[in-house]
1. Counting pairs of alpha carbon atoms under 8 Å apart in space and at least six apart in sequence, what relative contact order in percent does the stretch A:281-371 give?
2. With a Cα-only, solvent-free Debye model of the stretch A:3-264, what are the log10 I(q)/I(0) values at q = 0.07, 0.11, 0.12 Å⁻¹?
3. Under a cut-off of 20 Å between alpha-carbon atoms, report the lysines in cross-link reach of B:LYS147, not counting same-chain residues fewer than 8 places apart.
4. Quick one: which of A:145-155, B:38-48, B:402-412 comes out on top by average Cβ neighbours within 10 Å, and what's the full order, highest first?
5. Determine the gain in length on full extension of the stretch B:GLU231-B:PHE273; use 0.36 nm per residue of separation and subtract their C-alpha separation, reporting nm with one decimal.
6. Across peptide A:267-273, how many C-beta atoms of other chains are within 10 Å of each residue C-beta, on average?
7. How many nm separate the modelled label positions at A:GLN80 and A:GLU14, each set 7 Å beyond the Cα in the direction of the Cβ?
8. Provide, as a two-decimal number, the C-alpha radius of gyration of the stretch A:159-260 over 2.2 N^0.38 Å, N being how many residues it has.
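The values are calculated or read from the model by the stated rules, or taken from the named source; none is laboratory data. The model shown is predicted, which means the values in this text are computed figures rather than measured ones. Methodologically, a virtual Cβ is constructed for each residue, glycine included, from the backbone with ideal geometry; neighbour enumeration extends over all protein chains shown. All accessible areas refer to the heavy atoms of the entire protein, side chains included, with ligands and DNA or RNA removed. Shrake-Rupley method; radii C 1.70, N 1.55, O 1.52, S 1.80 Å.
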Amino acid sequence: MRAVGIILAGGNNEGRLGTLTQKRAAAALPVGSCYRAIDFALSNMSNSGISKVAVLTQYNSRSLRDHLSSSKWWDFGRKQGGLFVLTPYTTNEGSSWFRGTADAIYQNMSYLYNSNEPYVVIASGDAVYKGDFRKVIAYHVEKGADITVVYKNMENNLSSFGILEMDEDHRLTGFEEKPEHPRAHAASIGIYVIGRQLLIDLLQKMVPNGKYSLVKDIIIGMRDELKIYGYECTGYWSTVGRGIDAYFATNMDFLKKEVRDEFINQWPYIATKPKDEPPAKYNAGASVSDSIIGSGSIINGTINHSVVFRKVYISEDAVAENSILMEGCRIGKGCVIRNAILDKYVKVLDGKSVIGESSQNPVVIEKEATID
Amino acid sequence: MRRKEMVAMLLAGGQGSRLGILTRNIAKPAVTFGGEYRIIDFPLSNCINSGVDTVGVLTQYQPLRLNQHIGIGIPWDLDKKNGGVTILAPHVKGGGEEGEWFMGTANAIYQNMDFMDSYNPEYVLILSGDHIYKMDYAQMLDFHKKKNAAATIAVLEVPMEEASRFGIMNTEGDDRIYEFEEKPKEPKSNLASMGIYIFTWSRLKEALVEDSKIHPDSDFGKHIIPRMLEEGQSLYAYRFHGYWKDVGTIESYWQANMDLIKPLPEFNLYEDFWKIYTNNDRQNPQYTAPGAVVKESLACEGSEIYGTVKHSIIGPGVVVKKGAVIEDSIIMADTAIEEDVKIYRTIIDENCAIGAGASIGVGEDIPNETKPKIYNTGITVIGTHSVVPAGVSVGKNCVIYGKTEIEDYPDGRLESGKTVMREVFER
């Protein structure tokens with residue numbers, strides 16, 4: 001069944017990620033040594049046969065736009081379909097920032113008018129997962145649903161999510177946004193399937209009346225009028241946008257064999273913008289254990305239980321443990337990096353250390369900082 | 001087509017037979033290098049880095065892998081509306097009934113004059129897909145223009161005692177060439193041809209047309225260069241200073257790969273300037289496990305290392321399981337090394353499976369019995385899609401190709417210098 005895609009990559013997630021999203025959208029966060037978060041949503045769309053995708057963004061979209069500067073890496077950029085980066089804009093009547101998820105789509109409604117695919121898949125840009133949207137659409141059609149919400153059964157952090165309550169047929173009977181005392185375990189993971197015309201009709205009714213949120217005003221607000229169903233995601237799913245601890249944990253998950261097997265060793269693959277770096281280089285002093293090393297990196301020291309991105313240089317006698325070192329970091333001789341997230345191009349001079357508290361509360365060093 | 005100042009013609013049709021089993025199914029330019037690259041990536045990247053955006057790639061021997069690799073040229077930014085990369089294969093000419101193979105290097109260009117004429121270039125750059133180097137062809141073109149030359153030949157200053165292995169340019173004081181000698185017994189100069197030429201197209205075209213009347217196997221070194229010299233045309237030697245390796249033999253191929261491992265390699269891939277691009281659709285994390293030892297080695301994207309790797313190159317998607325030891329070896333893409341395998345000084349091509357506990361590259365250094373000229377420096381070579389059963393022992397200078405069974409190893413051993421060839425089953 002044919003569908004167009006919409007990826008919500010708007011925000012900095014209310015500042016929950018501190019300096020990591022000070023200058024980038026959460027969807028542009030680097031993940032797993034070589035990806036950015038949005039690669040997962042884009043690859044899922046592309047791998048599900050969706051050829052036309054809009055990325056809605058407004059917050060610090062430079063690094064995101066840089067990443068999306070060519071759409072060919074995800075197999076978009078064709079005569080049929082393509083990748084559209086949509087932002088707030090100015091007209092004679094004025095301009096406004098996106099006031100919510102529904103408003104963001106409403107402000108770019110011509111994208112929906114100008115499509116003829118019967119369905120729309122809406123996904124968030126900051127989640128790490130692999131999903132076949134064709135299956136969700138087939139389920140949506142089979143149930144005769146107006147809206148299908150993808151959920152995952154979770155044990156922890158439920159109060160950070162929208163929680164679905166469903167009947168036996170998986171029809172939505174209740175939905176609580178970030179409840180303090182959750183009554184169910186089915187957390188919405190921000191992926192929706194909806195008919196294109198229905199979405200247009202709903203937005204035209206809601207947004208001019210000041211109702212700007214997909215979740216609050218449509219899923220919750222119209223729960224009784226619409227047939228809303230839940231679809232369970234059974235594979236790996238994690239969001240880097242929930243907070244620094246979630247960002248840290250998601251990266252560290254790539255050290256687990258089952259996670260790598262799901263993303264790396266099983267078709268379809270996750271695509272990203274190629275950087276054409278040479279292989280990771282292990283010199284004589286290298287001692288690496290339980291870590292992933294990005295291409296173009298040169299290792300002279302010790303790395304343990306860490307995620308090292310591309311073009312990182314680790315000097316002799318330096319030690320990195322339980323840390324995330326983003327692209328281009330340079331670690332001097334004898335440095336110790338522990339429980340830390342080093343944003344891109346951080347320099348740690350010889351003999352200096354960066355030590356955080358724990359995986360739950362790692363120290364974050366902002367982009368291009370020098371530790372001296 | 002819009003006019004192009006210079007069009008590159010890349011000769012990629014050769015087998016490179018001295019690479020033995022490595023070029024059984026693929027042309028030499030498609031052979032993997034440095035883990036993630038193929039040899040042709042170097043001239044192709046040099047082209048785009050030099051601003052040469054129109055490249056004809058001439059294929060003949062086993063072109064499939066090369067065609068798949070090049071595609072429409074996206075990895076090198078050679079997917080262009082005007083120009084870009086074009087694969088030129090031998091074909092049946094209009095009015096003819098039978099096709100013609102490319103009979104020589106110059107003959108291949110002669111047969112594709114239409115391609116060049118469609119861009120009406122001022123100059124033509126002739127390249128081969130056999131060498132590892134970084135070179136700015138734009139500087140060479142400046143030299144060619146400054147000298148107002150009919151042809152410019154890139155040369156490398158080699159040690160005089162090695163000069164008799166090369167095609168040598170004998171020059172006058174200003175590097176104008178007065179004589180070309182192929183592998184001279186008593187060399188007069190040490191300027192070795194690198195197989196890189198810039199011709200003023202009108203001059204080359206004339207020479208190609210005239211020479212085709214006498215030599216159906218027209219060759220640049222044998223015919224075109226001597227002919228132009230005889231005619232008194234101005235040919236110049238352009239001195240190249242830098243790393244340049246002909247990876248034509250198993251030993252030189254192995255050595256050039258190992259050169260990349262040195263702490264400060266003479267040929268440095270780790271600089272942003274003059275990037276080498278390749279077609280790599282998988283950009284995956286490379287994982288090194290607890291207990292693994294990886295030293296003096298390169299490890300490509302998507303590889304997983306649980307064992308010990310020293311002074312070796314591990315290709316994309318390779319898995320090295322626990323207890324395995326790899327030393328002084330090249331393991332190409334997607335090969336699986338099972339537990340407790342020992343591998344010394346061996347080249348293993350793509351998509352192989354090495355069974356648990358096998359030892360490879362152990363024993364006496366006896367040259368290969370069947371092809372002693374190719375395999376004689378102690379390196380054992382295993383061809384693409386091969387399977388080596390668990391527990392066997394393999395000597396030095398051995399060749400293994402295809403899905404071998406335990407019966408192929410008498411007493412569980414393949415002695416040094418032996419060859420075993422079986423059918424390949426694509427995995």
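1. Numbers: 293 pairs, mean separation 17.2, N = 91.
Dividing the mean separation by the residue count of the stretch A:281-371 yields 19 percent.
2. Rounded to two decimals, the profile gives -0.22, -0.57, -0.69.
3. B:LYS205
4. Details: A:145-155: 20.0, B:38-48: 25.5, B:402-412: 14.4.
Top to bottom by mean Cβ count within 10 Å: B:38-48, A:145-155, B:402-412.
5. Numbers: separation 42, 0.36 × 42 = 15.12 nm, distance 4.09 nm.
In short, 11.0 nm is gained.
6. On the way: counts 0, 0, 5, 3, 3, 3, 1.
Taking all residues of A:267-273 together, the mean is 2.
7. That separation, rounded to one decimal, is 4.2 nm.
8. On the way: Rg = 16.1 Å, N = 102, 2.2 N^0.38 = 12.8 Å.
In units of the globular-protein estimate, the stretch A:159-260 measures up at 1.26.
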